[in-house]
Amino acid sequence: MLTEFSAAELSRKIASKEVSCREVVDAFLDRIARDDSRLGCFLTVDPEKARESARAAQAMVDTGSGGPLTGVPVALKDNISTEGIETTCASKILKGYIPPFDATVVTRLKLAGATLLGKTNLDEFAMGTSTENSAFQLTRNPWDLDRSPGGSSGGSAASVAGRLAPLALGSDTGGSIRQPAALCGVVGYKPTYGRCSRYGLIAFGSSLDQIGPFARSVEDAALITEAITGHDAMDGTSLPLPSISSARLKEGSLKGLKAALPKELFAESMNPGVLSTVYAAIESLKREGVRFTEISMPSIALGVTTYYIIAPAEASSNLARFDGVRYGVRVDGQGHIGLVERTRAEGFGHEVKSRIMIGTYALSAGYYDAYYLRALRIRSIMQHEFEETFKDFDFVLSPTSPVPAFRLGELRMDPMAMKLLDFCTIPANLGGMPGISLNCGFTEGLPVGLQLMGAPSEDEKLLQIAYSVEQALPTATNWPSIA
Ligand code: GLN
């Protein structure tokens, strides 16, 4: 079945004309039609538009102007703007909003000839860790349909694990690519802040947000990363660097690499099955010649607290634009204020409202110094600790998530416990470093994610290391069958 092939394999088959772009897109559309009523990955699928882009891709193949992504289907998280296709952020407030422009990543995917399959489910405005905060539907984990795929990019992660898409894009503000990747057993990669344009990504925490890929292998993740990254004048925080190249992906070796294990990221309170699986992976990597050293990074203990001040503060400002006048839903009320009040009261869900309130509070006169400014100071201390660490080490290794996939509903009523799940992923957002999650085994039949973090802007090196790590570890082969 075509849906079982990796993106790289599909790409080769398309280029050699063993299969047509139409056959490939149809295989995935059929799969979506068959399985998505149970998985709930997609909010929007437009088969006609998908087939249209497959036709354009085939024309590129036929005229010899295609590239490695030509004809390869990609799913997009529904907070990435797509011209002419509804983009909701899984929020009632944006129901019916059709962007008049494409995000830069979408423009670049189109130029590369990728086929756009549809828009995937997420926690409302990417705020959450389970995808249960979507205003529209639940997404289920393909490994166990009673469990969460993680979040906030749960729809993208589950679509790749379920082979409803060979590749998907998500966004990561505090772990929303890496954590769902870990819970779904796929690769999830957050590039260095600024290497992938945020233009057209509906903002949550602008100093933290970064777009990145989901794939079933590091090679596939690198393939799409190359197409979407690189400087973009439309994003003021875009780094003046070329796209992240995959040319030397397979040339690395683990022998002699130095890895740091921050003891704060191996807390005893973590799930024992996760810890033992990660420790087993460390043993395998030692046999390949990686030298591990336990270190201490005290600021990590403050990561969750710091993040849950900075991210809501930025969100409260970013989400001020949803006022019922300019986008999506409008609920009429008494005068202008009434309209804004009622639109926001009815349009935003509970988690989003709570973030706006916390963020507004943290930024208000009298509290700004006590909360926001303090959080920024801790952020600088953390950045400094990571800078120092990367002077001595090639990468930092940890579990991605302290727990494997949890049951849907299990943590919904315990927002504190839910937020603590971001413990291992938040540092890479606060520090701006690249981070990648790979599957490193299973506990009780559920995937366990291994996180690797690299020095800022050393994305090529991190991907090369991740590729070698993936070769050294047993990878998931029997992907879950949903049928
Ligand atoms: N779980 C974190 C939050 O709810 C991270 C979300 C994200 O990365 N978008 O804020």
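It is to be established whether one or more residues within the range 405-418 are touching a residue at least 12 places away in the same chain (Cβ under 8 Å), in contact with a Gly (Cβ under 9 Å, 6 or more places away or on another chain) and assigned to a helix (DSSP H, G or I). Yes - at least one qualifying residue is present in the range 405-418.
Each row is one residue, and each column tells you yes or no for (1) crowded, with 20+ Cβ neighbours inside 10 Å; (2) touching a residue at least 60 places away in the same chain (Cβ under 8 Å).
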{"site": "Ser246", "(1), (2)": "yes, yes"}
{"site": "Lys250", "(1), (2)": "no, yes"}
{"site": "Ser253", "(1), (2)": "no, yes"}
{"site": "Ala260", "(1), (2)": "yes, yes"}
{"site": "Ala267", "(1), (2)": "no, yes"}
{"site": "Thr277", "(1), (2)": "yes, yes"}
{"site": "Lys286", "(1), (2)": "no, no"}
{"site": "Phe292", "(1), (2)": "no, yes"}
{"site": "Pro298", "(1), (2)": "no, yes"}
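Applying the criterion of being in contact (Cβ under 8 Å) with a residue 40 or more places away in the chain and closer than 22 Å to Asn478 by Cα to the residues of the range 12-28, the residue that is farthest from the chain's Cα centre (by Cα) is Val24.
Taken together, Ala75, Ala7, Ala56, Ala33 contain a single residue that is touching a Ser or Thr at 6+ places or on another chain (Cβ under 6 Å) and small (Gly, Ala, Ser), which is Ala75.
Only one entry of Val396, Val403 meets the criterion of being farther than 20 Å from Ile295 by Cα and either touching a strand residue (DSSP E or B) at 6+ places or on another chain (Cβ under 7 Å) or surrounded by 17 or more Cβ atoms within 10 Å (Cβ to Cβ) (or both), and that entry is Val403.
Being within 16 Å of the ligand (Cβ to nearest atom) and either part of a loop (DSSP other than H, G, I, E, B) or under 21 Å from Val290 (Cα atoms) (or both) is the filter here; which residues of the range 419-445 pass it? If the condition is that a residue be within 16 Å of the ligand (Cβ to nearest atom) and either part of a loop (DSSP other than H, G, I, E, B) or under 21 Å from Val290 (Cα atoms) (or both), then Leu421, Asp422, Phe423, Cys424, Thr425, Gly432, Met433, Pro434, Gly435, Ile436, Ser437 are the ones that fit.
Checking each residue in the range 218-245 for being in contact with a helix residue (DSSP H, G or I) (Cβ under 7 Å, 6 or more places away or on another chain), part of a loop (DSSP other than H, G, I, E, B) and over 18 Å from Ser81 (Cα atoms) picks out Ser243, Ile244, Ser245.
Evaluation of Met382 against the conditions (1) farther than 23 Å from Leu285 by Cβ; (2) of a type in the set (A, V, I, L, M); (3) within 15 Å of the ligand (Cβ to nearest atom); (4) part of a helix (DSSP H, G or I) shows that the sole unmet condition is (3).
Values in this text are rule-based calculations from the coordinates and carry no lab data. Source: prediction; values computed, not measured. Every residue, glycine as well, gets a Cβ built from its backbone with ideal geometry; the counts of neighbours run over all protein chains shown.
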